[in-house]
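Below is one structure, written out as structure tokens, with a few remarks after it.
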Amino acid sequence: MKFYDALGLEPKLAIDLDDLKKRFYDRSRQWHPDRFSRSSSEEKQRSEEMTSMLNDAFRTLREPVTRAEYFLRESGLELSKDAPPELLEEVFELNMALEELRGGDESARGQLVLAQERFTGMLADADSGLSRLFASYDGKADAIVLEQIRATLNRRKYVSNLLRDVEKELNVHSAN
Amino acid sequence: MAYSDKVLDHYNNPRNVGSFDKKDPNVGTGMVGAPECGDVMKLQVKVNPATGIIEDAKFKTFGCGSAIASSSLATEWLRGKTVDEALAIKNTDIVNELSLPPVKIHCSVLAEDAIKAAIDDYKKKSENVGVESKAHA
Ligand code: FES
């Protein structure tokens, strides 16, 4: 996987962030275009390409979610699979509730705060689930675990949208 | 990126927003989602069982403007069509009608999937009704 290669890393889902940062800084320095100002145009071009590749690699790998998405894609798994129907049902209901609250009065605020807590909890669960699954997949490369990662990412996306909407709503109300 | 006039029109005046009782045997419900963006769409058809014609369609979408416009347009197109004609609606028809840009194609796919899911649901229900009435006879 080229982002891992660029940073001299084994393709693993769980990574040490300090190590990642250090590799990124070291290599960025090494390939910095300023150091190639007197080089041939091919070398200049190579330094620019490496620099932008390192930036992309670092940005993608430092966040667990984007890292896992990248990893799945490179493993030939499409991200955009159908979401599980039970989840959609739930997300839809929550959105409906949110919409009702939005039209409502200040008394809805309490419910919004509860919803915020609930979604924050769900998001935290998804994140800790992800790190468990990362370790498990790195241990023994089991395709079923990759599927579970995909399902978790999927769920996480919907929950984080809901949370964003709830928080937007809470901010709007407190601003008034 | 600017939305086309048609998208804006459907977005500002969405047609047929709402829902039917999903337990009604003549109603088919399709609930779909797009994991890339986390948007959800529910689309329902109400079919006349004698003629197989879709008499009414409703939707509710929590998502981007293009998804809302796509589903709104879909409900307009569905009314008066037979179930089989409805299945012939393609996301590319929606893309063309609304002039959706490439990054918004998945929003129209969502609408096509919702139509298929709703019709599927209706068909399953009507088959079950058939089986039951036979069992009672
Ligand atoms: S961006 Fe997700 S449906 Fe349009």
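When we screen B:S66, B:S99, B:S72 for residues that are within 16 Å of the ligand (Cβ to nearest atom), touching a residue at least 60 places away in the same chain (Cβ under 8 Å), more than 24 Å from A:R164 (Cβ to Cβ) and more than 14 Å from every other protein chain (Cβ to nearest Cβ), the only hit is B:S99.
To keep it simple, each residue is scored yes or no on (1) closer than 19 Å to B:S19 by Cα; (2) more than 14 Å from chain B (Cβ to nearest Cβ).
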| position | (1), (2) |
| --- | --- |
| A:E90 | yes, no |
| A:M96 | yes, no |
| A:R102 | no, no |
| A:A115 | no, yes |
| A:M122 | no, no |
| A:L133 | no, yes |
| A:D138 | no, yes |
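Considering (1) hydroxyl-bearing (S, T, Y); (2) touching a Lys or Arg at 6+ places or on another chain (Cβ under 8 Å); (3) under 30 Å from A:A151 (Cα atoms), the lone condition that B:S70 does not fulfil carries the number (2).
In summary, B:D93 fulfils each of the numbered conditions (1) over 11 Å from the mean Cα position of the chain (by Cα); (2) within 30 Å of A:L153 (Cα to Cα); (3) not aromatic (F, W, Y) with the single exception of condition (2). If I filter segment B:3-32 down to residues being under 24 Å from B:Y122 (Cβ atoms) and of a type in the set (D, E), which single residue comes out as farthest from the other protein chains (Cβ to nearest Cβ)? Here the answer is B:D24. A single entry from A:E106, A:E117, A:E100 fulfils the requirement of being modelled with pLDDT of 90 or more and among the acidic types (D, E): A:E117. Out of curiosity, is A:D18 loosely packed, with under 15 Cβ neighbours inside 10 Å, within 23 Å of the chain's Cα centre (by Cα) and away from chain B (no Cβ under 14 Å)? It is true that A:D18 is loosely packed, with under 15 Cβ neighbours inside 10 Å, within 23 Å of the chain's Cα centre (by Cα) and away from chain B (no Cβ under 14 Å). When segment B:28-57 is filtered for residues that are buried (at least 21 other Cβ atoms within 10 Å of the Cβ), at pLDDT 95 or above and charged (D, E, K, R), only B:K42 remains.
For segment B:33-52, filtering for residues that are more than 10 Å from chain A (Cβ to nearest Cβ) and out of contact with any Lys or Arg (no Cβ under 7 Å at 6 or more places or on another chain) leaves 9.
The values are calculated or read from the model by the stated rules, or taken from the named source; none is laboratory data. In this text, all values refer to a predicted model and were calculated from it rather than measured experimentally. Virtual Cβ from ideal backbone geometry, glycine too; neighbours counted across all protein chains shown.
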